[in-house]
Amino acid sequence: MKIIACFSYKGGSGRTVATANIAAALASCQDNIGSITKALNRKVAIFDLDVFSAGTHKPFGVNSNQLENHNCIQDFFDSEGDAKDYVMNHGLSIEHEFMADFLKFDFAKDNCRKDLVLYPAKPDPGRGFSVGQFHRYMLAECLDILELMGYDYVLLDGESGKRSMADVALALSDVVLMFFRLTHQHVEGTVKTATMWRDDATDYNFYLIPTVVPLLGDNTNVYRDGSPGLPSLIASVEQVPRLNGLTEFCAEGGDQHDSTAVPCYFWNSQPRICVHESLTLKGGERVIVYDAVAGQEQAAKDYYDIAEALTRLHPA
Ligand SMILES: Nc1ncnc2c1ncn2[C@@H]1O[C@H](COP(=O)(O)OP(=O)(O)OP(=O)(O)O)[C@@H](O)[C@H]1O
Ligand SMILES: [Mg+2]
């Protein structure tokens, strides 16, 4: 089983939408549906660890008010609950009544494995909750149980920034996906964080994945709102030094923006750093890998490509 932390230096990076879509792509069970060219057929669990700003349920069509009386991750932590009971009885499988919209609108019914499960967090930022070191051990226990249950991948939708729960997610993960938007704040913070991880010799593999990216061929350097375009992004990320574990990943992407080498656009002038260049998504916080509407096809394909790359490079 591989644990994948979805991390971002700043909020609003598209992390949650990406987490849900990558999870859905990993759990795909039909070929040639939407962006799913070949079903990846993995057993997948997702934890919403964004305990102060929960939202991983949204792309699955779950309403926040439905979670009011649900035993969410903060309730589990607060009550120092039994990990086995929590894992077995308090996840939302796609057949759970709260996921009815997901099945209805996202054509997930026949295309997503039934054992995909989400452990949601209570969307109540005002509540008193403090993160303790012991949460890491409680979560680790849950992960051990999921491994025994034959899960292949667990995605942790963590907090943004270097905060306590984000640290819990990072400490438990094998792979970190770092999402960031093309703004100076996002890029600078992401590059600094990546550099720090490199210098600390962290032992997880990490990948930089920009979202809301201008399409390939758009050579604007700086947009009117101050966001850097693709050339400036590449210049910024070029400063990120080599990082352990990413060589293979990038090597498979080819040196140029060669979309024929692998079905993704991985930028590879700096070995071990991966930049995904075309993750643009217009509108909607939802799972789109099974049925992207016009304008979302590229993003849906990118989510699938990331999931597919994970299965190759970090097999469960
Ligand atoms: N690839 C994308 N391209 C364009 N817009 C996106 C993309 N991904 C997400 N968005 C939009 O950006 C907003 C933030 O997305 P999301 O909630 O996934 O980010 P987040 O990093 O999880 O934020 P938070 O810090 O609030 O948890 C949403 O309105 C979403 O529709
Ligand atoms: Mg989020």
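The values are calculated or read from the model by the stated rules, or taken from the named source; none is laboratory data. Worth saying up front: this structure is predicted, and the values here are computed from it rather than measured. Don't worry about glycine lacking a Cβ; one is built from the backbone with ideal geometry, like all the others, and counts go over all protein chains shown. These accessible areas exclude ligands, DNA and RNA; they are computed on the full protein's heavy atoms, side chains included. Shrake-Rupley method; radii C 1.70, N 1.55, O 1.52, S 1.80 Å.
Working note: Debye formula, equal point scatterers on the alpha-carbon atoms of segment 1-157, no solvent; log10 I(q)/I(0) at q = 0.10, 0.18 Å⁻¹ is -0.33, -1.12. Under 5 Å from the amide H of I46 lie the amide H atoms of V117, L118, Y119, L155, each residue being 5 or more positions distant or on a separate chain, with H modelled from the backbone and absent for Pro and chain starts. Residues whose amide H comes within less than 5 Å of that of K2, counting only those at least five positions distant or on another chain, are Y153, V154 (H built at 1.01 Å from N in the peptide plane).
Compute the separation of the alpha-carbon centres of segment 79-157 and segment 22-60 and state it in Å as a whole number. If we compute the Cα centre of each part, the gap is 12 Å.
Of the chymotrypsin sites (Phe, Trp or Tyr not before Pro) found in segment 6-104, no site is in coil according to DSSP while having at most 11 other Cβ atoms within 10 Å of its Cβ.
Among A5, N65, F76, pick out the residue whose Cα is farthest towards the positive end of the charge dipole of segment 1-87, where Lys and Arg carry +1 and Asp and Glu carry -1 on C-beta, about the Cα centre. Comparing the listed Cα positions along the dipole, A5 ranks first. Taking GluC sites (Glu not before Pro) across segment 72-138, the ones in a DSSP loop with at most 11 further Cβ atoms lying within 10 angstrom of their Cβ are E80.
Leaving ligands, DNA and RNA out of it, rank V131, V87, V212 by accessible area with a 1.4 Å probe, largest first.
On the way: V131 40, V87 5, V212 70 Å².
Most to least solvent-accessible, the answer reads V212, V131, V87.
Per-residue 3J(HN,Hα) values for segment 112-123, derived from phi via the Karplus relation 6.51 cos²θ - 1.76 cosθ + 1.60 with θ = phi - 60°, read 10, 4, 5, 8, 4, 9, 10, 9, x, 10, 6, x Hz in sequence order (x marks Gly and Pro).
Overall size of segment 133-214 from C-alpha positions, given as principal axis extents largest first: 42, 26, 20 Å.
Each residue of segment 169-183 is assigned a 3J(HN,Hα), and the resulting list reads 4, 5, 5, 9, 9, 8, 9, 10, 9, 9, 9, 8, 8, 8, 10 Hz, derived from the Karplus form 6.51 cos²θ - 1.76 cosθ + 1.60 (θ = phi - 60°), x at Gly and Pro. The string of couplings for segment 145-153 from the Karplus curve (6.51, -1.76, 1.60, θ = phi - 60°) is 5, 4, 5, 4, 7, x, 5, 8, 9 Hz, one whole number per residue in order, with x for Gly and Pro.
Across the cross-link table entries K38/K84; K84/K301; K38/K192; K38/K114; K10/K58; K84/K104, which are compared at the Cα atoms, the separations over 25 Å belong to K38/K84; K84/K301; K38/K192; K84/K104. Among the trypsin sites (Lys or Arg not before Pro) found in segment 117-208, those both in a DSSP coil and sparsely packed, with 15 or fewer other Cβ atoms within 10 Å of their Cβ, are R127, K162, R163.
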